[in-house]
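**Student:** Sending over a structure as structure tokens; questions will come in a sec.
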């Protein structure tokens with residue numbers, strides 16, 4: 001094999017590696033975005049995927065063939081927990097709060113490709129964080145984050161007004177209770193940990209700084225459409241009388257081994273892409289060369305097709321690809 005053949009082989013190999021999951025907007029009923037993971041995303045060098053209020057996403061082709069961007073909206077400060085959302089009875093007891101479906105944001109974590117890529121188990125970390133968007137309005141920067149994670153995807157029927165944020169209405173085996181609770185409209189969803197406990201939901205309301213809520217779970221992959229996770233993200237301010245919009249940041253990371261640290265954000269504001277040897281390697285901002293480029297105003301990697309849209313033309317920073325010269 002000569003040097004040209006070797007370089008071609010490396011180009012084909014590296015071009016299939018991404019630094020973070022594919023992000024697609026507007027997928028299914030109620031989902032703000034779908035995060036599609038590949039085997040390469042479980043590598044130690046792979047970045048987490050990050051979404052935050054104000055980000056633009058490519059919509060799924062099923063919903064909009066024009067590929068115009070969609071905006072990640074804010075959530076409500078009481079979206080995850082409000083006694084008034086309880087569908088079973090009127091109560092003011094905070095322990096009986098439910099989530100508001102429309103005041104939360106819903107995300108689909110797609111692990112369906114991993115089983116075919118010879119992955120049987122994967123660790124998933126999901127964090128929701130308070131996010132300061134650095135504008136003059138500080139009233140939307142006080143999120144108390146919370147999240148609930150189910151196994152499965154709900155793309156049938158119609159979303160109800162409420163959801164069981166702590167799996168109210170499920171028994172200790174994660175099965176729906178026969179009576180005493182209104183049935184959950186997400187009939188295809190089951191608790192992530194299969195025992196309806198706090199391994200599948202978290203809130204920052206009991207933490208000292210109240211800024212981060214994280215779930216870490218090992219997922220046994222079953223293949224195909226069984227390998228989806230549904231995530232509801234909302235606020236837990238416990239002040240239902242004064243709900244307001246709040247910004248949030250969602251980070252998701254998969255790994256082959258149990259993570260021992262919190263999720264690292266893929267890249268922050270003061271980031272400068274660097275020239276790299278071949279497509280498929282990373283440019284210093286966590287972007288996969290040849291697949292995505294750094295967008296300094298949005299502070300995240302943007303897929304090259306999105307960079308080429310008229311509204312983003314010339315805004316992305318794509319470092320030059322430097323191919324090593326052939327030896328004499």
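Just so you know, all these numbers are worked out from the coordinates, no wet-lab data involved. Owing to the predicted nature of the structure, the values given are computational and were not obtained by experimental measurement. Cβ coordinates were reconstructed from backbone atoms using ideal geometry, including for glycine residues, and neighbour counts include every protein chain displayed.
**Student:** In angstroms, what radius of gyration and Dmax does segment 20-265 have, counting Cα atoms only?
**Tutor:** 17.2, 50
**Student:** May I pose another question? Kindly put 292, 179 in sequence by how many other C-beta atoms sit within 10 Å of each C-beta, fewest to most.
**Tutor:** Ordered from fewest to most neighbouring Cβ atoms within 10 Å, 292, 179 come out as 179, 292.
**Student:** So for the pair residue 44, residue 311, with labels modelled 7 Å out along Cα→Cβ, what separation do we get in nm?
**Tutor:** 4.1
**Student:** Could the peptides 36-45, 146-155 be put in order, highest first, of the mean number of other beta-carbon atoms found within 10 Å of their residues?
**Tutor:** Values: 36-45: 18.1, 146-155: 22.5.
Put in order of decreasing packing, that is 146-155, 36-45.
**Student:** Residue separation times 0.36 nm, minus the C-alpha to C-alpha distance between residue 29 and residue 222: what's the value? Don't skip to the end; give the middle numbers.
**Tutor:** On the way: separation 193, 0.36 × 193 = 69.48 nm, distance 2.32 nm.
Length gained between residue 29 and residue 222: 67.2 nm.
**Student:** Quick one: Debye curve from the C-alpha atoms of segment 130-222, no solvent, what's log10 I(q)/I(0) at q = 0.20 Å⁻¹?
**Tutor:** -1.02
**Student:** Using the Cα gyration tensor of segment 106-175, with a ≥ b ≥ c the square roots of its eigenvalues, what is the shape: rounded (a/c below 1.5), prolate (a/b larger than b/c) or oblate (neither)? Can you show the working numbers first?
**Tutor:** Values: a/c = 2.16, a/b = 1.40, b/c = 1.54.
Since a/c reaches 1.5 but b/c is at least a/b, the shape of segment 106-175 is classed as oblate.
**Student:** In addition: Which of 181, 103 comes first, and how do the rest follow, when ranked by fewest Cβ neighbours within 10 Å? Could the numbers behind the result be given before it?
**Tutor:** Working: 181 14, 103 20.
Ascending number of Cβ neighbours within 10 Å: 181, 103.
**Student:** Sort 264, 47 so that the residue with the fewest other Cβ atoms within 10 Å of its own Cβ comes first and the one with the most comes last. Working shown, then result.
**Tutor:** Numbers: 264 12, 47 25.
Least to most surrounded, the residues fall as 264, 47.
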